Each structure stands twice: as structure tokens, then as C-alpha cells.
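Each remark here refers to the structure printed beneath this line.
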Amino acid sequence: MADSRRPRTSWAPFALPGVGWLVAFFVLSVYAVVAVALGSTDPLLRTARPAWNPADWDTTALTKVISRVVGGDLGHVVTRTFGFVALALVGCVLIGYPVAYYAARGAHRGRKILLIALVLPFWISYLMRMMAWTNLLQPDGYVNKVLEVLHLQSEPRNWLDGDWYTVVIGLVYGYVPFFILPLYSVLERLDGRLLEAGRDLGATARQTFWHVTVPLSRPGLMAASVITILPMFGDYYTNTYLTSGSPRTEMIGNQIEFYLRGSSQPQTGASLVLVLMVMLFALMAYYLVTTAREQRMAR
Amino acid sequence: MTRRRFPALAAVSWLYVLWSLLPILVAVRISFNSGKSRSSFQSPSLRWYTSDPTASVLHDESLHTALSNTLVLALCTMLIATPIGVALAIGLHRWKGRTSQAANGLVLVPIVTPEIVFGVALFLVFSQLYTGIPQGLSRQVLGHVTFTLSFVVIIIRGRLAAVGTEYEEAARDLGATRLQAVRLVLLPLLAPAIFASLMVVFATSVDDFVISSFLSTGAGTETVPIRIYSGAKAGSTPALNALAVVMLVITLSAAGLAALVMRTMRSRTGMGAALTDAGGLAGLGG
């Protein structure tokens, strides 16, 4: 055993460049958000004056942003973001679960092709997929043509006019591949004997599904939801792209982008990012705690 | 276990596949449109690829600049992130102790960090702290390396666990130094995973919009996704579709190449599965 003769720490130098890189460009970057949010703004130049030293932190700007989020003018944007993400998540479950289930446990012939088709969107640029939808949803686009042929609508409709459902459909379309794959990998490893036991003990197919399959797929559903929710909360391009930047579909991400790039108010933008981070951190913590508890119970 | 037939599920699944891929096929078809419309197809032509004297991908400077920016950015990211990530994975896999646990946690955090947080954080650190680093491409490369590094580590660690330490220990017992064992035994065993990492980093970088956009300084540093995004406003032509199709062909060739190499490697060494990891990971960044 060559390794046991040497101290295990001798492998540390291999990790050094990578760890250094992450500290310099990830940890310090996130700290820069904190420093800018809790710093001050130059009164003349309107540029950020970050407070790198925690002793200099000033929470005035942050408190102001929080009060704007809780019941203030940013409240509706935050509520809308939650609404969009929740609806899109429901869409992902409704579409993603049957597809992942079929790919993992049902598909027989054509399974390979199905799997390739499920992975394919990962290799197609997200914005190209959105662009494809804007092509289809134009007033003279194919969606309207199909709906007219089917007599589902008589007048061409402008889908890209700033309607919430266009954004929700776009979000589902964009993120459902990320939902299906982690769910698929859990469903695939699901112990088929447990399902058979359910049937042998007299449960109907439906009962087995609700009382055995669904509880067993919970970890997959949770992981898939977290993987899709996190980026969706920070999304600002899907809604902007699909509704030509209509203010009626603005999400938190749009406000963040506006404060940092549109108008130079980096401190407000950074504070808003901090608020978003805390919300997502709470979400992650909930996920980690429940999965840890479930693993303990399974043992 | 025996596979049951689920006709309704089969229908839903194939309908989903149709829904997910048909729009792309329509967008590809529109790129060959002879007219200016991006929504209805007139007749096939290569106008928006080569023949239009001002607006085609070949002749519109903003379009081919975006294309070359994207490729240069992705190649630089690939060549920096992969070696650092491989070393990091080996180091973290072997090095035990409290500091190592902290480092392990640190590697996982970027994966669950939403891109907008990543983008803003990098934007602020470059504008407030690393002001000496030139704007544009250099900053974009540093940003992309930071957010793809963890993907490399995860792919490589998956392989490291599968490979085990026996071969390396055999080499050590036969007199190889540790570095020799890594170079001559471990790295060749990791080759399929390293290759998968290269492809995943490439695909992730090429696909990225948020970070590139936050670190972009205008037309000269636009990438293909940024160009597609800004083209949403009126006045864009099927040339944008053509640009997206060129990019699509490049990434799909990379994916196909990866699949091919993995298959050859698998049949020779009995190792594989990294590609499915790879496919899943490519999307994690959004």
C-alpha cells in the first residue's frame, strides 16, 4: 500500500491551484457583493464605495431595499417571480415526471433514442431554444397558423405581447430538461422488487404507484426541483426575451440587472442580490435538512 | 425486472420529445429562408449564411465577431479549467483532513449558485477589486473558468472513485515515484473523463449568457448568446438563426465526438458512464 506509508496531506499541493482560484474568484467575488451592499455610494460620481472591512459595514441601503421588497414597490416583482417559478415548477413536474418515469421504467423499444432526445437539449444553447420559440410565436408564426387550422382561434394573436403564460410556458420549455435528468437517474435506480411486493400484497396498480413509487421518487423530485428552481429565481432573460422586455413580466433578476447595468446604482443591485441569496439559501437549507432527515429515517 | 408497457406514458414522452425538438427544427429551417421573415418560410436559400452581401453570417461583422469571440472564449476556458480541475479533483480525492473537507464544500457551492449571483459577483469583484485585469475577453475567461471548474472536479472524481488506487499502487511498488505514477498510470486511466470534462466545459462556456453578458463591454466582446439576446428587438433577420445553427453544429459535433470517444474507450477499458454525467452537468449552469 504505497499510500499508507505517506502522510495524506502530501496530496494537498495538487488541490492548491484550484482552491486558490476559487478563493480569489468565487469567495472574494461573493464577498464583493456583501462589501458593495453594505458599503456606501460616492455622492458625486454615484459609484460604489465597498466596505471591505466588516467594521465599516453600514446596513442603511440594505434595510431600504428590504423594506421596498417587503410591501414596497419591489414587492410585486418578488411576488411575480415566486408565482412564475411556482407555476413553471408545476409544469415541470406534470411533464417531467411521466417522461422520466417512462424513460426509466417503461420504455423498451426506442429507449436509446428517447434518452438521446432527453439529453439533446443540454447541447443546444438555451437562448437558441428561446429564439426558436419567438420564431414560432410571431403573429404570423406557426403557432397561430396551427391554432387557426384547428379552429381554436379565429384571429392571429400576439403571443409575445407581455402575457404571463408565455413566460411560464417558456420557463417550462427551458428548464424541464434539467428536471427530467436527475429525476430519471433516481427512478432508474428505484428497486423494482418493492413495486412487485406492493402488487403481491394486494395493492392495485394505482395504489402501488401512490403509496410506493411516489414516496420512493421523492428524493429525485426534490433534487430535480432544486436544480430547476435555483436558476429560475435568477432568470431575467427568458421573460425579457419572450415578451420584448414588457414591465408586466418583470422578475427579480430584471431589477438586479437594471440597477447594476441599466442605471448605475450598484449598491441597490448588490443589496437585492443579497436578498435573493438569503432566500435561496433558506430554500437550500430546507432541502438539505429534509433530505438528511429522510436518509436517517430510511436507515 | 420485467418492463411493463405504458401506452399513455409512451405517448406523453414522445409528444414531449416532439415539443422539445420541433421548434429547433423550425428555427433551423428558417435559417435557410430566402426572405427576410423569421416566422414564415418562403423558399430555401443560403442567403443568410453566405450570399447576402451585408447581412449574412459571412459578411456581417458583428455576427462573425460574436462567433469567433464565443469560440476563443470557450477554447481558453477549456484549456485553463480542465487541468486545474483535474489536479483539484485528484488532490481533493486523496487529501484527507479538516481543511480538505472545507475545500470539498467550497467546490460544491458554485454549482448551486444561480448564474445571476455569479454574474453580479464577478462583475463587482472586477470593477471594485481586480481593476487591473483588462475588460472584456480576459475577464470573461476568468469568469467562465471559475464557474466551470466545479463541473470538471465532479466528472473527474466520479472516475477516480471507479478507477481505485490499485494500478497506481502497483506502479509505486514497482518503483515509480508518486508523480510518475500519476502521469503514467492515473492520467491515462482518467483520459475518458478528462475528455468528457473538456467537452462539458466547452458546451457550458458556449451556452453561457449571464456571465458573459455581465462581463461584456459592448459590441466587441459580444458572444453568440448575447447576440441572439440583443437580436430579439425588431429588425433582426434569419441571419441570427443562421448564426445559431452554425453554433449548434459546432456543439453537436463536440457532443458527437465525445460520445464516439467514450464508446471506444468503454469497449477497450470497460469504463464509461461519464457521458451521462457529462450530459447532466452541461446543463447545471443554466
| So residue B:33 fits all but one of (1) exposed (fewer than 15 other Cβ atoms within 10 Å of the Cβ); (2) within 14 Å of another protein chain (Cβ to nearest Cβ); (3) farther than 30 Å from residue A:109 by Cα; what number is the exception? | (1)
| said: Looking at the stretch A:161-170, can you tell me whether even one residue there is within 27 Å of residue B:28 (Cα to Cα), exposed (fewer than 14 other Cβ atoms within 10 Å of the Cβ), free of Cβ contacts under 8 Å to residues at least 60 places away in the same chain and not polar (S, T, N, Q)? | reply: yes
| message | For the list (1) under 30 Å from residue A:285 (Cβ atoms); (2) surrounded by 14 or more Cβ atoms within 10 Å (Cβ to Cβ); (3) of a type in the set (D, E, K, R), I need the number of the one condition that residue B:98 fails. | response | (2)
| query | Quick one: would you say residue B:29 is assigned to a loop (DSSP other than H, G, I, E, B) and among the basic types (Lys, Arg)? | reply | no
| Do you know which residues across the stretch B:158-209 are at the interface with chain A (Cβ under 10 Å from one of its Cβ atoms), of a type outside the set (Gly, Ala, Ser), over 25 Å from residue B:253 (Cβ atoms) and surrounded by 14 or more Cβ atoms within 10 Å (Cβ to Cβ)? | B:165, B:168, B:169, B:172, B:178, B:182
| remark: Scanning the stretch A:259-288 residue by residue, the ones that are touching a helix residue (DSSP H, G or I) at 6+ places or on another chain (Cβ under 8 Å) and either closer than 30 Å to residue A:159 by Cα or in a helix (DSSP H, G or I) (or both) total 20
| request: Among the numbered conditions (1) touching a residue at least 40 places away in the same chain (Cβ under 8 Å); (2) closer than 23 Å to residue A:116 by Cβ, tell me where residue B:241 comes up short. | output: (2)
| task | Working only within the stretch B:40-76, note down all residues that are touching a Leu at 6+ places or on another chain (Cβ under 9 Å) and either modelled with pLDDT of 90 or more or assigned to a helix (DSSP H, G or I) (or both). | result | B:48, B:49, B:50, B:51, B:63, B:64, B:66, B:67, B:69, B:72, B:73, B:76
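Rundown of residues vs (1) modelled with pLDDT of 80 or more; (2) facing another protein chain (nearest Cβ under 10 Å); (3) part of a helix (DSSP H, G or I), yes/no style:
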| site | (1), (2), (3) |
| --- | --- |
| A:102 | yes, yes, yes |
| A:117 | yes, yes, yes |
| A:127 | yes, yes, yes |
| A:162 | no, no, no |
| A:168 | yes, no, yes |
| A:171 | yes, no, yes |
| A:176 | yes, yes, yes |
| A:193 | yes, yes, yes |
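The values are calculated or read from the model by the stated rules, or taken from the named source; none is laboratory data. Because the structure is a prediction, the values reported are computed rather than measured. All Cβ positions, glycine included, derive from the backbone under ideal geometry; neighbour counts span all protein chains shown.
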